[in-house]
1. Any chance you could run the full-extension gain for residue 229 through residue 266? It's 0.36 nm times the residue separation minus the Cα-Cα distance, nm to one decimal.
2. What is the Cα radius of gyration of the range 61-174 over 2.2 N^0.38 Å, N being its residue count?
3. Search the structure for amide H atoms under 5 Å from the amide H of residue 274, placed 1.01 Å from N in the peptide plane, and list their residues when 5 or more places away or on another chain.
4. Using the Cα centre of the range 75-175 as origin and beta-carbon charges of +1 (Lys, Arg) and -1 (Asp, Glu), tell me which of 138, 123, 155 is placed farthest towards the positive end of the dipole.
5. So how many Å³ per residue does the convex hull of the Cα atoms of the range 122-276 work out to?
6. What figure, in Å² to the nearest 10, do you get for the accessible area of residue 247 with a 1.4 Å probe and non-protein molecules left out?
7. Can you tell me the alpha carbon radius of gyration of the range 158-213 divided by the globular rule-of-thumb value 2.2 N^0.38 Å?
8. Could you give me D for the range 163-247, from Stokes-Einstein at 20 °C and 1.002 mPa s, where the hydrodynamic radius is the Kirkwood radius over C-alpha pairs? Units µm² s⁻¹, please.
Amino acid sequence: MTRWCALTGVAAALAVAAPAISSADRRLPVCAPGRAPTRPPTGPADVASPRACRAGAPLTESDKVPPAAFTPSGYHHLGAGTGGEWGGVSGRFTVVDGSVRPRTYDFVVGRFMAKRDLGGGRISWLEAGWAETGWASPGRQQVYTFNTNTNRWQFYDQYPVRAGNQVWLDLNSDQNGLWRAWLWWDDRWNLLTEQRLPIGPAAYIEQYVEVHVDASRQTKIDVPKVTVDNVQLRPVGGGPARYWRDDVATVTGAAARGGFCLNWVTRYDTWTAGDC
């Protein structure tokens, strides 16, 4: 369901936008330069979280891509989506170094997404995670968000992640349908973006390792094993988060396709994906 939108984001990457933070949360201080976290989150992400801040430094927008044994071209989705609606998701992804080629539409990401099908071929969503792309700082892994209000990938260079790191992410909505993407950094929650999407305060949730291979340049994309764990869902309307277990209505992505394998350690809050 996300195929056309992701490429729309690539095609729109040459556009320039301001940081996607609304005036509603200007009360949060700008995040000072910090370091990778030394401990896991101490509570859920919220504007009232201790020492919460916003990513106020300029964002790097992706640049236009010059025309430019193999992995089948197109999208490869490894992970799962909920069969019902939830108010948010959080968890941890490891960062890896994929064999993404510069000046291509190749990418590898580990991400959460909140989305809704609006009908008529329209899908609205917000996603957040880490990415390695062929058009924005090739060879580097970056924290990123993408949303259908702007249809742009936004990269957050103030958070220097690299292969072997672990990133904690939280994607959630308030009661008014304002969706926020948070990164745990410098041992506090950093607000990456907030978007009022036409999906309301509840949405379908995805957790995926996603690989895209440029259709114009076939190749073999290598993806070292990505570990995802501590995945929790927030109930609609509030209440404590709960682990995404097999009693949650769930739709899984391809378990083995294009040379990639998906391994459920604990369905569905701990898993690995990447090369078989």
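1. Full extension from residue 229 to residue 266 adds 12.4 nm.
2. The value comes to 1.12.
3. Here 226, 261 satisfy the definition.
4. Farthest towards the positive end: 138.
5. Each residue corresponds to 143 Å³ of Cα convex hull volume.
6. 110
7. Scaled against compact globular proteins, the figure is 1.33.
8. 137
The values are calculated or read from the model by the stated rules, or taken from the named source; none is laboratory data. Keep in mind the model is a prediction, meaning the values are calculated, not measured. Ideal geometry is used to build each Cβ from the backbone, glycine not excepted, and the neighbour counts take in all protein chains shown. All accessible areas refer to the heavy atoms of the entire protein, side chains included, with ligands and DNA or RNA removed. Shrake-Rupley method; radii C 1.70, N 1.55, O 1.52, S 1.80 Å.
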